[in-house]
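Take a look at the structure below.
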2 protein chains.
Amino acid sequence: MKISALGEFGLIRHIQKLFSRKAASTLIGIGDDAAALRLSPASVLLATTDMLLEDVHFDLSFTDFYTLGWKSAAVNLSDIAAMGGIPRFCLVSLGIPPAIAVERITEFYKGFHALTRAHKASLVGGDTCLSRKGLVISITVLGEIEKAAVITRSGARPGDRVFVTGPLGDSAAGLEILKTGGKGQGAGVRGQGAGRGRAENKLIQKHLRPVPRIAEGRKLALSGCVNAMIDISDGLSSDLAHICEQSRVGAEIYADTIPFSRDILREAGKLKKPPLEYALSGGEDYEILFTASPAKINKLRSLRLSIIEIGKIIRGKDISLIDRAGKRTPLRPRGYDHFRPIKGRAKRGI
Amino acid sequence: MKISALGEFGLIRHIQKLFSRKAASTLIGIGDDAAALRLSPASVLLATTDMLLEDVHFDLSFTDFYTLGWKSAAVNLSDIAAMGGIPRFCLVSLGIPPAIAVERITEFYKGFHALTRAHKASLVGGDTCLSRKGLVISITVLGEIEKAAVITRSGARPGDRVFVTGPLGDSAAGLEILKTGGKGQGAGVRGQGAGRGRAENKLIQKHLRPVPRIAEGRKLALSGCVNAMIDISDGLSSDLAHICEQSRVGAEIYADTIPFSRDILREAGKLKKPPLEYALSGGEDYEILFTASPAKINKLRSLRLSIIEIGKIIRGKDISLIDRAGKRTPLRPRGYDHFRPIKGRAKRGI
């Protein structure tokens with residue numbers, strides 16, 4: 001069978017079946033943001049890993065190595081955030097083409113260090129080897145959480161409200177600006193291109209240097225208000241579908257309530273698609289998407305976090321988008337699937 | 001600076017300096033077989049990661065996917081064994097070229113599962129993505145050990161005897177048979193080639209399906225007899241140098257005492273180099289190399305493990321090989337360095 005017939009998420013389900021017998025100490029295995037592993041009675045270890053491949057996840061003409069190191073840390077820390085955990089330890093494996101100068105690799109580690117140090121997570125190991133076929137990055141982050149506070153993707157209940165922690169679509173819009181700006185033009189230092197406006201550069205920065213919502217994930221997990229949580233890496237439509245599938249519920253999202261940044265609204269005229277499209281299927285925003293019972297909304301508001309209500313969880317399996325006029329359309333997962341690339345969108349990331 | 005000027009181990013030292021401030025909970029960071037991380041007062045988490053790249057670490061015309069999955073698990077479990085730990089959890093990241101059939105990926109996971117299940121280690125997570133440039137494998141294994149039992153590379157003391165747990169050189173000899181046999185000829189099912197003798201096939205199997213010395217590492221760690229321990233992945237000359245460097249000692253090895261299998265001795269006439277060469281610089285044997293005080297030798301023998309004494313630790317920095325006639329030659333690290341390939345040996349592994 002061709003792997004494109006199964007798709008990325010089909011493949012994950014297929015692997016899950018092979019390893020279905022879970023050890024007692026595996027509280028959460030394959031299929032959530034991070035694994036949750038019991039090592040002592042009170043505390044749980046969170047483990048997450050992400051691979052970044054040249055010309056699939058990043059393009060070295062769009063990013064410098066410092067920024068690439070930062071982003072490699074960010075995508076993993078974001079998975080720890082989405083479980084409510086504290087990042088503790090990192091392992092970094094690099095496959096390095098021989099033509100890359102040591103100084104660039106040092107820059108990579110400096111960028112990685114800058115973000116992980118800010119969260120007091122230590123680099124404790126890894127692997128470095130020669131790659132004949134482009135730069136290969138594989139990061140594992142280990143985190144910790146109180147046993148009672150772990151929040152998975154599977155706890156959403158009908159009646160829950162759906163929230164996000166910030167504006168969506170900026171990252172995908174930033175990527176499009178980088179791509180349409182042509183290679184080389186926008187590369188420069190940390191993605192800043194000469195001749196670009198402030199709003200354009202801010203969108204690009206959102207793509208190149210996302211900020212994982214560690215503090216937000218932590219507060220939400222400890223609040224006791226949240227039923228399901230995920231980080232928006234694949235796009236709102238896909239990540240909401242992950243929550244709905246694993247919680248066996250449906251959802252409706254009100255298009256008008258989805259938050260946008262000033263920057264994407266300012267640039268909207270120059271972009272190929274309306275901001276809503278980037279928000280629904282763009283991905284890589286690394287905001288947190290979560291659900292909470294309406295009874296908990298006052299307590300949630302008292303946390304003084306930036307949270308925006310965008311919809312609600314319903315019975316059944318349907319996920320719909322409802323527009324200003326009340327028109328309901330099915331909201332199909334349109335995020336990136338590695339093995340089923342959307343036409344005209346064969347490459348992801350920087 | 002070119003990365004080949006620094007070399008793999010120079011690069012690792014360079015990275016270590018960037019991240020020199022260790023968190024209190026990081027008992028052992030970069031530079032040993034696995035990191036040791038404190039999570040509770042009595043127990044320590046071991047974490048190790050290895051990357052395997054197509055055409056660098058393996059050649060798909062020499063191995064089937066089941067065997068590749070097995071070996072990917074083995075190289076990581078071996079790092080846990082070399083610290084004396086129990087493997088508990090695994091994360092598997094794969095970058096998959098679109099042309100590979102799902103059935104092959106399933107075979108990979110079955111081989112991985114066969115070995116990890118035998119050691120009761122659970123697959124708990126990972127990442128799967130598209131690769132445009134060959135198969136990419138990155139594995140992280142998490143293990144556990146009693147805090148007092150962790151054995152590093154840095155504890156060897158002058159006067160210690162040097163031991164290995166089994167014959168050396170088979171894996172490198174097996175790789176050479178695969179390579180000189182020509183692509184395709186020896187591929188077949190699990191590396192067994194038609195027209196090859198039993199001894200040749202056994203050497204090939206030692207290369208394709210190494211057995212990590214988990215039980216041996218565990219017994220040695222708990223015995224209280226062992227001062228320093230490492231697994232032989234880079235070759236005896238390199239791995240002994242790692243122990244000597246980190247323990248700030250020298251060593252002498254008696255060439256006559258290095259153990260060989262019947263198979264390598266039987267095939268010696270057909271191989272390009274004498275068995276001693278494969279043993280010293282071949283690598284990928286995944287036997288354990290360790291040092292112990294002579295006062296502990298009787299207790300060591302009572303463990304009823306296969307252990308062979310091959311030399312002793314001395315003061316200073318010199319590492320020498322002493323032959324039958326008593327002639328002493330410097331034993332320089334000649335294992336594989338990813339960024340300084342030895343002439344005529346540009347590719348490692350299957």
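The values are calculated or read from the model by the stated rules, or taken from the named source; none is laboratory data. Since we're looking at a predicted model, the values are computed, not measured. No Cβ is skipped: glycine too gets one built from the backbone with ideal geometry, and neighbour counts run over all protein chains shown.
Of all residues in segment A:308-337, exactly one satisfies the criterion of being crowded, with 23+ Cβ neighbours inside 10 Å and over 13 Å from A:LEU236 (Cα atoms), namely A:ILE313. With respect to (1) of a type in the set (Lys, Arg); (2) closer than 20 Å to A:LEU94 by Cα; (3) in contact (Cβ under 8 Å) with a residue 60 or more places away in the chain, the lone exception for B:LYS133 is condition (3). Taking segment A:31-45 as the range and being more than 19 Å from B:SER43 (Cα to Cα) and either assigned by TED's automatic domain parsing to the domain that holds A:ALA241 or surrounded by 22 or more Cβ atoms within 10 Å (Cβ to Cβ) (or both) as the test, the residues that pass are A:ASP32, A:ASP33, A:ALA34, A:ALA35. Would you check if B:ASP79 is touching a Ser or Thr at 6+ places or on another chain (Cβ under 8 Å), assigned to a helix (DSSP H, G or I), modelled with pLDDT of 80 or more and of a type in the set (D, E, K, R)? For B:ASP79, the condition - touching a Ser or Thr at 6+ places or on another chain (Cβ under 8 Å), assigned to a helix (DSSP H, G or I), modelled with pLDDT of 80 or more and of a type in the set (D, E, K, R) - is met.
Out of the residues in segment B:93-107 meeting the condition of being touching a Phe, Trp or Tyr at 6+ places or on another chain (Cβ under 7 Å) and more than 8 Å from every other protein chain (Cβ to nearest Cβ), tell me which one is farthest from A:GLY29 (Cα to Cα). The selected residue is B:ARG104.
Residues of segment B:46-72 being among the hydrophobic types (A, V, I, L, M, F, W, C) and at the interface with another protein chain (Cβ under 9 Å from one of its Cβ atoms), which ones? B:ALA47, B:MET51, B:LEU52, B:LEU53, B:VAL56, listed by residue number.
Within segment A:89-104, one or more residues are assigned to a helix (DSSP H, G or I), farther than 17 Å from B:THR49 by Cβ and either assigned by TED's automatic domain parsing to the domain that holds A:ASN201 or not basic (Lys, Arg) (or both).
Just wondering, is there one or more residues in segment B:254-261 that are without any contact (Cβ under 8 Å) to a residue 40 or more places away in the chain, of a type in the set (A, V, I, L, M) and farther than 23 Å from B:PHE62 by Cβ?
So far as segment B:254-261 goes, no, none of its residues is without any contact (Cβ under 8 Å) to a residue 40 or more places away in the chain, of a type in the set (A, V, I, L, M) and farther than 23 Å from B:PHE62 by Cβ.
Specify the residue that is farthest from A:ILE139 (Cα to Cα); the eligible residues are those in segment B:1-10 that are among the aliphatic types (A, V, I, L, M) and facing another protein chain (nearest Cβ under 7 Å). It comes out as B:MET1.
Of all residues in segment A:11-33, those that are more than 7 Å from every other protein chain (Cβ to nearest Cβ), of a type outside the set (Val, Ile, Thr) and either in contact (Cβ under 8 Å) with a residue 24 or more places away in the chain or touching a Gly at 6+ places or on another chain (Cβ under 7 Å) (or both) total 5.
With respect to the conditions (1) in contact with a Leu (Cβ under 8 Å, 6 or more places away or on another chain); (2) crowded, with 21+ Cβ neighbours inside 10 Å, B:SER247 lacks only one, and its number is (1).
Restricting segment A:266-300 to residues that are more than 17 Å from the chain's Cα centre (by Cα) and in a loop (DSSP other than H, G, I, E, B), the residue that is surrounded by the most Cβ atoms within 10 Å (Cβ to Cβ) is A:LEU271. Is it true that A:THR48 is surrounded by 24 or more Cβ atoms within 10 Å (Cβ to Cβ), touching a strand residue (DSSP E or B) at 6+ places or on another chain (Cβ under 9 Å) and closer than 26 Å to B:ALA121 by Cα? The answer is yes for A:THR48.
Looking at segment B:105-143, which of its residues are more than 19 Å from the chain's Cα centre (by Cα), assigned to a strand (DSSP E or B) and within 30 Å of B:GLY224 (Cα to Cα)? Within segment B:105-143, just B:SER122 meets the criteria.
Checked against (1) under 18 Å from the mean Cα position of the chain (by Cα); (2) within 9 Å of chain A (Cβ to nearest Cβ), B:SER43 passes all but a single condition, namely (1).
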